[in-house]
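Working notes, beginning with the structure itself.
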Amino acid sequence: MGCGSSTTTVDYSLKKSERAMKAAILIQRWYRRYTAHLEVRRRCTWTIFQSIEYSGEQDQIKLYNFFSSLMDHFTPSNTKERDLITSIFSEKEINEEMELEKYYDFENIHLSEGYKGPHLCFPLTASHAAALVEAFRHKQHLHARYVLQLLLETWKLLKLMPNINRVSTCYNKEITVCGDLHGKLDDLLLIFYKNGLPSVEKPYIFNGDYVDRGKDSIEILMILFAFLLVYPNQVHLNRGNHEDYIVNLRYGFTKEVMQKYKVHGKKILRLLQIVFSWLPLATIIDQKILIIHGGISRSTDLDVIATIDRHKYVSAVKQPKRRKTTRQGQRQPGECCCGINRNDSSPVPSTYRSGSDSRPLNSISKGVRLSVDKELERCRKQVGLSDDTRVSLLLSESDTEQYEASELENAEWKQVVDILWSDPVNQEGCIPNVVRGGGCYFGPDVTKEVLEKHNFQLLIRSHECKQDGYEFCHNRKVLTIFSASNYYEEGSNRGAYVRMGPDLIPHFVQYQSSKTTRKLTMRQRVSRVERSAIRDLREQLFAHRCDLLRAFEQCDKTKKGKISLNDWANTVESVMQLGLPWRILRSQLVPNTTDGHIDYQAWFEHLAIEQPIKETPQSSSLLETLYRNRSNLETIFRLIDSDSSGLISFEEFRQTWKLLSSHLNTEISDQAISDLARSIDFNKDGNIDINEFMEAFRLVDRNPS
């Protein structure tokens, strides 16, 4: 009996252990499926945000290239329309020999008695810079007088610096490298809290994109420039692709400065153009680690980059052009280069586009130039230029050579564009970065080639938001570091910085500046960010509803108002061109289907978005087009609003729309534009407030859930 009892007990314990093991396996499988599902949702969300972001960058470059082409194809006249158009995107000459102190005259800017912000004394000390950090931490405002003075002192210092800074980790120094900050002051303050303020013992490298998107860009610049002046050998600032006045027009920095410094904002922005153009392009640690903002291409050559006159490229988006004299030594007034197809969506030189096509710029065929001129002649008429305005319709080969930038200038410009705009990819090779509209995609073979050429072991770059704040690729030869947390939405990503000592082994510190986000569970964070991404995507879909409707009707062979899910996914991608996994997203965008088919008219209603402005059948197309291109409109408005008053007249509004409609190849009557202008003029003073205009076209979610 004893033995039998003992045997029974053992069997029971084995069965119990077996059940526990099976339960553990089931729980493990469930958890793996759960986390895998969350990861799929997270990646889809990430793809949505990035696709919309890069689409906006591409739109900005297309808009700039269009107006640049338009200006290149006519000569000056006294017409009002001509003055308006030639003012757009025109780059003013920067005379480095002028007395900038006298021009900006900061000493005569009065400090009011009520000013309670920080006071600066030059030369700056470490205590001044630390006090500035504390002032901004407490939301204090730096007076325009000090902003201008600080920028002038920074400009003087930057002029003395090389294109490529070289730093060393000798004496056991640990160097901290930070990526994009994008106006997120909380992230910079958190970095300083965790890692310490810049000092002789605590050197920093900041890798560009200090401004745009966030709301505290000017404060970040003031802090970084202050520490640069105090520790010029320990603080190093690389230029990013957002240190560019054309990019700033779209992504918020120009607007931020004008709102914070209404009286002296234009002077501050003008001086910042100069300062940005003098920022170094790269930093090298111990001759082993290359740090640049974007990336590289096959033609990247540090010897060339080191000798570039970098301040010439005030905007890397703007391809260089140079007017040359005629054979008699006389400049032809008003004639411009038109040998380049500036309607391309990319600022990449023609020598770099179209894969294997590496023809020099001056070999572009007459047929291409003729097609450009015909298109620009159509645009010229559409924007209402007078008939007596002369257009340089077709230049000969010799004329093209006379007005194009030199091959050396284009080669230098290409080097700058590549290091500011490029992104790494897993595929080998080097191709144009058509998603962003600038720079290139470079593969592991290109990385290996460039690093071996210069005897480097690692490339550190930024330029791309990463969910964990950093990411290795190309066999751990490329490291992306991104320091702006919550970039797309609260909880969307961590920020990070990297520390390296003499062994050059990266040590990462991750963070998230939002306390609220840190308290959420993983599922709550994913759901919160996902809702934001889907909301943005629905707005994009709503903005293209006319194009989508036409495409759906073509697929609807039976004319019953229904199409298959497969046709829906293919059609949406063909119209939107966002490269998204529409079939995966279908469940969130199209909840109700009948027999695998979608009622596309009902689907538009399900998007649950409405516009504050009431539509009429005649205005529907105009309203949709205006909403879809509201960022382009705001960019043009800020250029036309020469006095930065925030107001534009009805006539300026008409001309703005004419320019945009010519860019979009859209026909809208003057009467429709005038009616819209009057409806937006809420206080009936004959002017349109830019902010009110943008608010008028803000889409409202009917059903937040």
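Coordinate-derived values only; no laboratory data. Predicted, not measured: the structure shown is a model, and the values here were computed from it. For neighbour counting, all protein chains shown are included, and Cβ atoms are generated from backbone atoms with ideal geometry for every residue, glycine included.
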Taking each pair of distinct Cα atoms in the stretch 490-564 once, what is the resulting Kirkwood hydrodynamic radius in Å? 16.7
What ratio of Cα Rg to 2.2 N^0.38 Å holds for the stretch 139-189? 1.58
Fraction of alpha-carbon pairs over 16 Å apart in the stretch 529-601 - percent: 46
Output the peptides 555-566, 26-37, 571-582 sorted from most to least packed, where packing is the average of other Cβ atoms within 10 Å over each peptide's residues. 571-582, 555-566, 26-37
Place a +1 charge on the Cβ of each Lys and Arg in the stretch 144-282 and a -1 charge on the Cβ of each Asp and Glu, then give the dipole magnitude about the Cα centre in debye, rounded to the nearest 20. 500
Given N residues in the stretch 170-303, what is Rg(Cα) / (2.2 N^0.38 Å)? 1.09
Ratio of Rg to Rh over the stretch 440-552 (Cα coordinates, Kirkwood Rh, two decimals): 1.13
Contour excess over end-to-end distance, with Cα ends at residue 112 and residue 27 and 0.36 nm allotted per residue: 23.9 nm
